[in-house]
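Just dropping this structure here.
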Amino acid sequence: MPALIDLRRRIKSVRNTQQITRAMKTVSTAKFKKSQRRVLESRPWWHMYPEFMARLAGGLGPQSHPLLERREEKKILGVVLTSDKGLCGAFNANLLAAAHNFFSDQARTADVRLILIGKKAAGYFKSQPFPVDFALTDKVDKLPLSRLRDLAGDLMRRYAHYRTDGVYVVYNEFKSILAPRVTILRLLPVRPRDGTPAADSWPPDWEPEAAVLLRALLPMVIEHQVTHCYFESQAAEQAARMMAMDNATHNAEDLIGRLVLFLNKVRQASITKELLEIMTAVEALSQ
């Protein structure tokens, strides 16, 4: 039977942990509200832009721009977005498992190389057979927009210079507070989405001409898609951490209740034992 002092120390330790998880939940809630507002306000624009570009490029053909050219995927470049920190439930584990399965399937027919964003991705793929071109592991949650634009520019140059035949981004899309959705997005080449009407069903009169618009806007679309993936991942991360810390706080409360109950039982047993010893001594002296 454990000593009373050991139980009191454990209860104090759990209470200190509960204070930490409650504080982390408060911080994550504030960050989540900011990320959620940014994602929900920008999501209509992010989703409309690729469909608009698909319509614009539909009448020109895949040879009108290097980023539209379709070719056999012999070389694939993958971008994996995770967090720097843990304590966010299965946020990273589910994404890394999906990324590993997807790139393992692709590696059967193509050469796969990776760009990793987040310490969790760098730590996981360190022991995997996929070559890593570079990894961003320094303050990923505070990446400036200029760094994201540089990343998008690097991806476009690799594709235009035939250094890769396809670019895929694996990230967590913010679906709800309860669970993010692991998403695998084909970033390059740019293709019309499923269900997009054919170009001849909507024959607009472009001003300036479609080719000029395409050259000006298509790089911007890729930059916005990279930014979209990043901010969706940030919102999903903060939501997952907020829920994980909330669950940890409630679990700590339940554990404290069980420990206090057990402490009272041990203390009561100790008092009962002392009373029995006293009664036994009194009876022995009376005889």
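Only the coordinates and a few stated rules stand behind these numbers; no lab work does. The shown structure was predicted, so the numbers you read here are calculated from the model rather than taken from an experiment. Ideal geometry is used to build each Cβ from the backbone, glycine not excepted, and the neighbour counts take in all protein chains shown.
To the nearest 0.05, what FRET efficiency results for Lys265 and Ala90 with a Förster distance of 35 Å applied to their C-beta separation?
Efficiency computed from Cβ-Cβ geometry: 0.45.
Using a Förster distance of 45 angstrom, determine the FRET efficiency expected from the C-beta separation of Asn101 and Met279, and round it to 0.05.
In this case the efficiency is close to 0.05.
Here's another thing I want to ask about it. Along the charge dipole of the range 29-244, Cβ charges K/R +1 and D/E -1, which of Leu40, Gln234, Met53 sits furthest on the positive end?
Gln234
Could you list Met245, Met156 so that the one with the fewest beta carbons within 10 Å of its beta carbon is first and the one with the most is last?
Met156, Met245
Still on this structure, please answer the following. Would you mind calculating the relative contact order of the chain from Cα pairs under 8 angstrom and at least 6 residues apart, reporting the percent as a whole number?
Computed over the chain, the figure is 32 percent.
Which residue fluctuates the most in the chain, going by a Gaussian network model with Cα springs under 10 Å, if the choices are Val167, Val212, Val39?
Judging by the Gaussian network model, the answer is Val212.
In addition: Past the 18 Å Cα-Cα mark, which pairs from Lys126/Lys175; Lys33/Lys142; Lys34/Lys119; Lys31/Lys139; Lys34/Lys142?
Over 18 Å Cα-Cα: Lys126/Lys175; Lys34/Lys119.
Putting +1 on Lys and Arg Cβ atoms and -1 on Asp and Glu Cβ atoms, find which of Val282, Ile256, Ala90 reaches farthest to the positive end of the dipole of the chain.
Checked the options; the winner is Val282.
Can you pull the one-decimal nm distance between simple spin-label points at Asp133 and Lys12, each 7 Å off the Cα toward Cβ?
5.5
If you wrap a convex hull around the C-alpha atoms of the chain and split its volume per residue, what is the figure in Å³?
Once divided by residue count, the hull of the chain is 164 Å³.
Name the residue, out of Glu173, Glu73, Glu41, whose mean-square fluctuation peaks in a Gaussian network model built on the chain with Cα pairs under 10 Å.
Evaluated over the chain, the most mobile residue of the options is Glu41.
Right, here's the next one. Arg258 versus Glu51, label points 7 Å from Cα toward the beta carbon: distance in nm?
5.0
With a 10 Å Cβ neighbour count serving as the proxy for reagent exposure, in which order, fewest first, do His224, His161 appear?
Ranking His224, His161 by Cβ neighbours within 10 Å, fewest first, gives His161, His224.
Only counting other Cβ atoms within 10 Å, I'd like Ser28, Ser233, Ser42 sorted with the fewest neighbours first.
If I rank by nearby Cβ atoms, fewest first, I get Ser42, Ser28, Ser233.
I'd like the antiparallel share, as a percent to the nearest 5, of DSSP beta bridges with both residues in the chain.
That works out to approximately 30 percent antiparallel.
Where the only charges are on Cβ atoms (+1 Lys, Arg; -1 Asp, Glu), what is the dipole of the chain about its Cα centre, to the nearest 20 debye?
900
I would also like to ask the following. Using +1 at the Cβ of each Lys and Arg and -1 at the Cβ of each Asp and Glu in the chain, identify which of Thr26, Leu7, Val140 lies farthest towards the dipole's positive end.
Comparing the listed Cα positions along the dipole, Leu7 ranks first.
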